[in-house]
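Below: one structure, written as structure tokens.
Bear in mind these aren't lab numbers, they're just calculated from the coordinates by the rules spelled out. Because the structure is a prediction, the values reported are computed rather than measured. Counting neighbours? That spans all protein chains shown, and the Cβs are built from the backbone with ideal geometry, glycine included.
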Amino acid sequence: WPTTNTRSYDVAVHSVGKIPLGIKRKGLRVVVTGGAGFVGSHLVDRLISRGDSVIVVDNFFTGRKENVMHHFGNPNFELLRHDVVEPLLLEVDQIYHLACPASPVHYKFNPTNVVGTLNMLGLAKRIGARFLLTSTSEVYGDPLQHPQKETYWGNVNPIGVRSCYDEGKRTAETLAMDYHRGAGVEVRIARIFNTYGPRMCLDDGRVVSNFVAQALRKEALTVYGDGKQTRSFQYVSDLVEGLMRLMEGEHVGPFNLGNPGEFTMLELAKVVQETIDPEAKIEYRPNTEDDPHKRKPDITRAKELLGWEPKVDLRKGLPLMVSDFRQRIFGDQKEGAT
Ligand code: NAD
Ligand code: UDP
Ligand code: UDP
């Protein structure tokens, strides 16, 4: 292994073209915190398949061993049960920091976003690794600007029920930028918009997983509030492509990574009905406190600087998660997990 991040990075990025065909380039050593989770496990698949050595660090708070089990036995893969709130000593080239209790039912009162991010930045500083933070569109709060550009500072309630997540990620961005400016850490910041796909947590209360699971179980789709609030839904493979481009590129960000296709929750329910069960009923429930009214990314910056844009729209992406959900809900062995 090259000893410094810069050198191994050069090997990966600049010399690949010079290596004669048939000779494999040396992969990078990459840590993915939260790599047993939904997004993390898809990212790990891509990194492993391009020849990197990957260490997943996860405390299985919401992640599952099943998401990465197919790599067990691969010498390029290691799984570490560890809570990033505790310090960690490793030697790697890149750190993708995804660990986070990522949904409303899980994220309350958890110090991961602040203490965990601080530890991973301390690790990046000590070993000279490049560090990518997965921040969120939630930093925009209930936005007064639409669609949201990266230059928008957001409208966040600092003492509300969602604050632990929103403000936690805002603090994580602040820490990342301070380590970048103060200690010269190479950081990258992604602001991720609502993402869906196979391996999503079944019971964490997010709208896409709720609707898909409800339709499969022949239950009514629970629409919160009047269902006119909007979100923009991104398929997970598009996100993973964006994260890797951001990590490999030269720009710190922040970058919005999301699909600009905007849907009301009632429109989403309709797509789920069309995809899974046209007979599925809709049931209205009271909305949660501080629910953002609308959200849609302006992705001009990512298009221009990363050459990235999403390719899979909701009507194409939603069917791709159905067989995985069906198998996890009913244990149907005939349906292969995607
Ligand atoms: P997820 O819950 O599936 O994955 C998070 C992973 O982090 C899980 O495997 C969990 O066990 C692990 N984890 C949590 N706390 C930890 C700790 N203290 N130490 C070690 N591991 C810990 O969620 P996801 O959707 O895959 O989200 C991944 C990242 O992307 C998160 O940082 C999240 O905030 C961000 N994000 C996701 C979305 C989305 O729509 N999926 C949107 C915006 C931002
Ligand atoms: N840290 C870590 N692994 C390392 C280096 C640091 O987990 O390899 C943690 C360390 O325990 C500390 C945090 O990262 O809590 C910040 O480290 P830094 O060196 O920036 O700050 P300091 O320890 O000097 O306060
Ligand atoms: N929502 C809904 N039914 C559900 C779960 C969520 O109508 O069963 C709504 C929720 O009130 C919010 C939107 O769907 O307006 C997106 O919620 P989610 O938790 O998926 O994402 P976030 O609010 O973090 O963007």
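Computed values, structure above
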{"item": "The chain: angle of helix 163-183 to the longest principal axis, Cα-based, in degrees nearest 10", "result": "20 degrees"}
{"item": "Extension gain from K149 to D226, taking 0.36 nm per residue of separation minus the Cα-Cα distance", "result": "25.1 nm"}
{"item": "Over the chain, relative contact order from alpha-carbon pairs under 8 Å, at least 6 apart, %", "result": "16 percent"}
{"item": "Rounded FRET efficiency, nearest 0.05, which uses the C-beta distance separating D203 from N76 and R0 of 25 Å", "result": "0.20"}
{"item": "Listed residues K294, K281, K149, most fluctuating in the chain (Gaussian network, C-alpha, under 10 Å)", "result": "K281"}
{"item": "Antiparallel DSSP beta bridges within the chain, percent to nearest 5", "result": "10 percent"}
{"item": "Choice from G34, G73, G122 with maximal GNM fluctuation in the chain (Cα, 10 Å cutoff)", "result": "G73"}
{"item": "Filter on K169/K228; K149/K294; K228/K303; K169/K296; K169/K316 - keep pairs with C-alpha separation over 21 Å", "result": "K169/K228; K228/K303; K169/K316"}
{"item": "Prolate/oblate/rounded label for region 127-282 (Cα gyration tensor, a/c 1.5)", "result": "prolate"}
{"item": "Radius of gyration and maximum dimension Dmax of region 249-338, Cα, Å", "result": "17.3, 49"}
{"item": "Residue with peak Gaussian network fluctuation, the chain [Cα springs, cutoff 10 Å], from T151, T300, T230", "result": "T151"}
{"item": "Helical mean residue ellipticity (222 nm; -39500 (n - 2.57) per DSSP H run of 4+; nearest 500) of the chain", "result": "-10000 deg cm²/dmol"}
{"item": "Cα-derived Rg over Rh, computed across region 53-161 with Rh taken as Kirkwood radius", "result": "1.02"}
{"item": "³J(HN,Hα) computed for each position of region 244-258 - Karplus, 6.51 cos²θ - 1.76 cosθ + 1.60, integer Hz, glycine/proline x", "result": "5, 4, 5, 4, 7, x, 9, 10, 6, x, x, 10, 6, 10, x"}
{"item": "Exposure proxy ranking, count of Cβ atoms within 10 Å, fewest first, for F61, F233", "result": "F61, F233"}
{"item": "Rg to Rh, two decimals, where the chain supplies the alpha carbon set and Rh follows Kirkwood", "result": "0.96"}
